[in-house]
Each structure stands twice: as structure tokens, then as C-alpha cells.
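Let me give you the structure first, and then I'll get to my questions.
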Amino acid sequence: MATTLRRTVPTHLLYFFVLGDVLGAGVYVLIGDIAAQSGGAVWVPLLTALVLVCLTAGSYAELATRFPQAGGSAHYVTRALGPAAGAFIGFCMLAAGVVSVGALARGFASDYLAELITLPTAAVVVLFLGALALLNIRGVKESLGANVVATAVEVGGLLLIIGLGAWVLVRGDGEPGRLVELGTAEHGAVGATLAGAVLAYYSFVGFETSVNLAEEVRDPRRAYPRALFGALLTAGLVYVLLGVVAGAVVPTEVLAESSGPLLEVVRVAGGVPERLFAVIALVAVANGALLTGIMASRLAYGMARDGLLPGILARLLPRRRTPWVAVLATTTLSLLLALTGEIAALAETLVLLLLVVFAAVNAAVLLLRREPEATSGFRVPTVVPWLGLASCLFLSTRIDGAVWLRGLILLGLGLVVGGAQLVPARRTRESGPTHSEMR
């Protein structure tokens, strides 16, 4: 009987999978917040975030090719540091998904929606998350079917903005001088870059989920690094171009105050109905929230099934066989976060959680190199995981204190989940001698 997944995924399909995960809704709502932190040179923190993300991506590439099996971050950390640490990292991934859905719900209730209809933010958030929960409960097939169309729409929207911005610059209506304006009243050039990079980091996350496909990739040693870095560099190019056109075309103060920043580029360029682009942006945001919500609910279900979370979260809907309790639980938490936090604060909270995950993965690379390699794999220079670990620790110091407070609550819950794994192990050790004595 077969015990491994079939290797059917070629390099180009893996590339598009990673690209689709990275290119998403975050940049639709965060460009303005990045401008508020960094000034008109929005492209600088975006490029900085790309460099920092690629350090950790190197660690993921090494681990995915050395251990090409489904499991992801929690699997690597479990292998390196034990089940308690793996459970903690799994919870951090779950919490990051819940926070991300909350941030995207706030993003949906933004200037993009206001272009079509005016409704109270709280009402929009409740209705939006309720609709996503119903679609999630209905079934993953229907959800992923909607994703195919939505992904094409959101990527097309980003390319449209780049084209419109280029047109504005060609006709002489932009201000290229803003592209070197780096700094704000609160931060100098370095501080502004790092503050913006924390938010820009959010736009690049998603690549880490691709490691779950490593077991199904043909020749993962060659294919996975090529697809991963190729997709990240493609996304980085798109984001840097977006930063260039947005910074040069839209006055920095207008960009910083807008919750629909890319819509401002459309307004300056003209020629494209603003309502049409608002719909494109809303589709992108909804798609990102839907996919993340699926991930979070399935992760909660899996952890409950493994005894890491309350068993009620593993209940399935009889006919649909979907984890309805997990969907409702994760959606409720996202709703509470969306109603009590702004987009930028929620995005920073997600980045904080993922920095913990990425730091653990970088450490896992260094620890697992001590093991004899069963199969050869892609290997990054030793300095890369060290730099990746250092970058995670450094970026965490740039996160606001209020965000840390929210994050510490979530990390504390994760420690409880991880600590619960130590109890069975301790009981096993304690029962061992007793059993021997009885013999």
C-alpha cells in the first residue's frame, strides 16, 4: 500500500502556486500605511522586506528539499525541538491566520467599498465574515473554485495599476522626486525604512504554506528552490513597481490617509471607472480572506483532532463533511479582532506571530544540520539562516508596544498549547520505572 503522496507537480505549477499565495490582498490595503510610516519612497521598505523574506525563504527551501513531505513549519520545528515546540508553532500559524482574516475584513470595509456604498464599518465586517463562514462551511471545492477566478482578477488589478501609473508618469503628471523622500516627522531614513518594512513584510507572507506541497513535487531538490525564489522575485518586482507608481503619482499625504490607496492612482490616471477598480480590489480582499479562513479553520480542525485543541473543534457537518465548529470559532475570533483593531495594527500583529514562526524555522535549519542526511537536498550557506534568525529578532523590536501586548496574549495561549504536550511525556517517564519495578 502506498505511504507517500504522488509526485505530480512540475516546477512551473509550483511557481504559480507560490506566486498566487504571495501576490494578494495585503498590498491593496497597506500601501497607504507604508507611505505613512516611510514617506514617498514606498518602494524602499517593499524592497527591504523582500530581501529579509528571502533570507527565511532560504531556510524553507533547505528544509523542504531535505524533508520533502507535507507538514510545514510545525513539522520542521517538531523534528528539531520536539512536539511541545511544534505545537506552539502550529498555534502561532493558526493565530496568524485568524488575525489576517480580521485585517482583511477591515480592508473590505474601506474606501474601496465606500466607492460603491456607504455602510457602518462594524456592519460590513459582520456581514463580510458571516458570508465567508457560510461559503467555507458549504465546502472547499466551491471555495477553491471561486479562488481561481478571483486570483486572476486580483493579479490583473495590480498590473492595471502599474500600467496606469506608468501612463501618468509618461504624460508628465507625476512627481518622481517623491521617490527619494524617505523619512517622516517621527522617523529618520533608517527608522522609516524599517517601520515600513514591518508592514511590507505582510505583503510577502504566504510562501511558507508551499512547503506542504513538497511531497508532491517532481524532483523537489531542483524544483522547489527555483519555484520559491522565482515567485518571490516576481512578486517583489510587482510590489516595487507598485510602490514606485503609487509614490510618484499620488501625493504622500493623500496616499497615507487613504484606506483604498491604489484607488487614488486610478483617480489621478483617469480612463478607468473608479467603481470598476473598487470591485477588483474588493474581490482581491475577499479572496485573500477566504483562502486564509480555509487554512485557519482546517488547521484548527487538525490540531483538535490531534488533541492539541478542544475536541469540539473537530466536529464535522454530517452531509458536507466540513469542520463547521472550527469555521465558526476561527471566524468569531477574527470578528472580535476586526472590531477592536485597525488594519495596520492587525497586520503588525500577524507579522509578529510569523516572525516567531520564521525564527523557529531558521533555528531548526541549524539544529537539523547535525542529523545525518538521508537524502541530499538544497543547502544555503550557513550565514543565511543565521541572518534570517537575526532579521526576525531585529524586526520584532520595531513593532509597536500596543501590538506586542495583543501578540503576547496570543503567544501566551500558544505556550499553553505547547506546554500541554509536556504532560503526557512527563507521565510516560514517571510511569516507566513503576512498570519496571512491577516486573
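The values are calculated or read from the model by the stated rules, or taken from the named source; none is laboratory data. Keep in mind that what you see is a predicted model, and the values were worked out from it rather than measured. When we count neighbours, we look across all protein chains shown, and the Cβ atoms used for this are built from the backbone with ideal geometry, even at glycine. Quick note on the areas: whole protein, heavy atoms, side chains included, nothing else; ligands and nucleic acids left out. Shrake-Rupley method; radii C 1.70, N 1.55, O 1.52, S 1.80 Å.
Counting only residues that are outside any helix (DSSP H, G or I), of a type in the set (A, V, I, L, M) and over 20 Å from Ala289 (Cβ atoms), how many does segment 25-49 have? Even if it seems obvious, please write down each step before you answer.
Here is the first cut: in segment 25-49, the residues outside any helix (DSSP H, G or I) are 25, 39-42.
Pick out the ones that are also of a type in the set (A, V, I, L, M) and you get 25, 41-42.
Remaining after also requiring over 20 Å from Ala289 (Cβ atoms): 41-42.
Within segment 25-49, residues that are outside any helix (DSSP H, G or I), of a type in the set (A, V, I, L, M) and over 20 Å from Ala289 (Cβ atoms) number 2.
Take the residues in segment 133-149 that are at pLDDT below 75 and of a type in the set (Gly, Ala, Ser); name whichever of them is surrounded by the fewest Cβ atoms within 10 Å (Cβ to Cβ).
Gly145
Filter segment 74-89 for residues that are open to solvent by less than 10 Å² (accessible area, probe 1.4 Å) and of a type outside the set (A, V, I, L, M, F, W, C) and give the result. Break it down into steps so the answer makes sense when it comes.
The initial filter retains those residues of segment 74-89 that are open to solvent by less than 10 Å² (accessible area, probe 1.4 Å), namely 76-77, 86-87, 89.
Passing the criteria: Tyr76, Gly86.
Moving on. Identify all residues within segment 27-83 that are more than 23 Å from Trp386 (Cα to Cα) and of a type in the set (A, V, I, L, M); write none if there are none.
Hits for segment 27-83 are Val27, Val29, Leu30, Ile31, Ile34, Ala35, Ala36, Ala41, Val42, Val44, Ala70.
Is segment 376-390 home to any residue that is within 19 Å of the chain's Cα centre (by Cα), at pLDDT 70 or above, of a type outside the set (Asp, Glu) and not in a helix (DSSP H, G or I)?
Among the residues of segment 376-390, not one is within 19 Å of the chain's Cα centre (by Cα), at pLDDT 70 or above, of a type outside the set (Asp, Glu) and not in a helix (DSSP H, G or I), which makes the answer no.
While we're on this one: Give me the pairs, please: first residue somewhere in segment 389-414 and closer than 16 Å to Phe358 by Cα, second residue anywhere and open to solvent by 30 Å² or more (accessible area, probe 1.4 Å) and among the aromatic types (Phe, Trp, Tyr), beta-carbon distance under 9 Å, and either six or more positions apart or on two chains.
Short answer, once both residue conditions are applied: Ser396/Trp404; Leu411/Phe88; Gly414/Phe88.
Conditions (1) closer than 28 Å to Ala109 by Cβ; (2) open to solvent by less than 10 Å² (accessible area, probe 1.4 Å); (3) in a helix (DSSP H, G or I), marked per residue:
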site: Ala200; (1), (2), (3): yes, yes, yes
site: Arg221; (1), (2), (3): no, no, yes
site: Tyr224; (1), (2), (3): no, yes, yes
site: Ala235; (1), (2), (3): yes, yes, yes
site: Tyr239; (1), (2), (3): yes, yes, yes
site: Gly247; (1), (2), (3): yes, yes, yes
site: Leu276; (1), (2), (3): yes, no, yes
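Can you find a residue that is crowded, with 24+ Cβ neighbours inside 10 Å and modelled with pLDDT of 90 or more anywhere in segment 115-127? I'd like the intermediate steps shown before the answer.
First, pick out the residues of segment 115-127 that are crowded, with 24+ Cβ neighbours inside 10 Å: none.
No, that holds for no residue.
Just a yes or no: is a residue in segment 109-128 closer than 23 Å to Leu313 by Cα, of a type in the set (Ser, Thr, Tyr) and assigned to a helix (DSSP H, G or I)?
There is no residue in segment 109-128 that is closer than 23 Å to Leu313 by Cα, of a type in the set (Ser, Thr, Tyr) and assigned to a helix (DSSP H, G or I).
So is Val327 in contact (Cβ under 8 Å) with a residue 12 or more places away in the chain, within 18 Å of Gly107 (Cβ to Cβ) and crowded, with 24+ Cβ neighbours inside 10 Å or not? Lay out the reasoning, then the answer.
Details: in contact (Cβ under 8 Å) with a residue 12 or more places away in the chain: yes; within 18 Å of Gly107 (Cβ to Cβ): no; crowded, with 24+ Cβ neighbours inside 10 Å: yes.
The answer is no for Val327.
Quick check: is even one residue across segment 266-282 touching a Gly at 6+ places or on another chain (Cβ under 9 Å) and more than 14 Å from Val29 (Cα to Cα)?
yes
Out of all the residues in segment 63-92, which are in contact with a Pro (Cβ under 8 Å, 6 or more places away or on another chain) and assigned to a helix (DSSP H, G or I)?
Ala64, Thr65
If you go through segment 155-196 one residue at a time, how many are of a type in the set (A, V, I, L, M) and either in contact with a Cys (Cβ under 6 Å, 6 or more places away or on another chain) or more than 25 Å from Val266 (Cα to Cα) (or both)?
6
Shifting gears a bit: Do we have Val272 as open to solvent by 10 Å² or more (accessible area, probe 1.4 Å) and within 19 Å of the chain's Cα centre (by Cα) here? Spell out how you get there, then give the answer.
Details: open to solvent by 10 Å² or more (accessible area, probe 1.4 Å): yes; within 19 Å of the chain's Cα centre (by Cα): no.
Judged against the criteria, Val272 is not a match.
Among Leu23, Leu14, which is the only one that is over 17 Å from Glu342 (Cα atoms), in contact with a strand residue (DSSP E or B) (Cβ under 7 Å, 6 or more places away or on another chain) and modelled with pLDDT under 90?
Only one candidate passes the filter, namely Leu14.
Taking segment 98-114 on its own, how many of its residues are among the polar types (S, T, N, Q) and surrounded by fewer than 21 Cβ atoms within 10 Å (Cβ to Cβ)?
The number of residues fulfilling the criteria is 0.
Still on this model: Could you list all residues from segment 306-322 that are open to solvent by 90 Å² or more (accessible area, probe 1.4 Å), under 14 Å from Val417 (Cβ atoms) and in contact (Cβ under 8 Å) with a residue 24 or more places away in the chain?
Passing the criteria: none in range.
Pro68 fails exactly one of the following numbered conditions: (1) surrounded by fewer than 22 Cβ atoms within 10 Å (Cβ to Cβ); (2) over 23 Å from Val198 (Cβ atoms). What is the number of that condition?
Going through (1) surrounded by fewer than 22 Cβ atoms within 10 Å (Cβ to Cβ); (2) over 23 Å from Val198 (Cβ atoms) one by one, Pro68 breaks only (1).
If you don't mind, there's one more thing I want to ask. Scan segment 252-268 residue by residue and report those that are surrounded by 21 or more Cβ atoms within 10 Å (Cβ to Cβ) and part of a helix (DSSP H, G or I).
If the condition is that a residue be surrounded by 21 or more Cβ atoms within 10 Å (Cβ to Cβ) and part of a helix (DSSP H, G or I), then Thr252, Leu255, Ala256, Pro261, Leu262, Leu263, Glu264, Val265, Val266 are the ones that fit.
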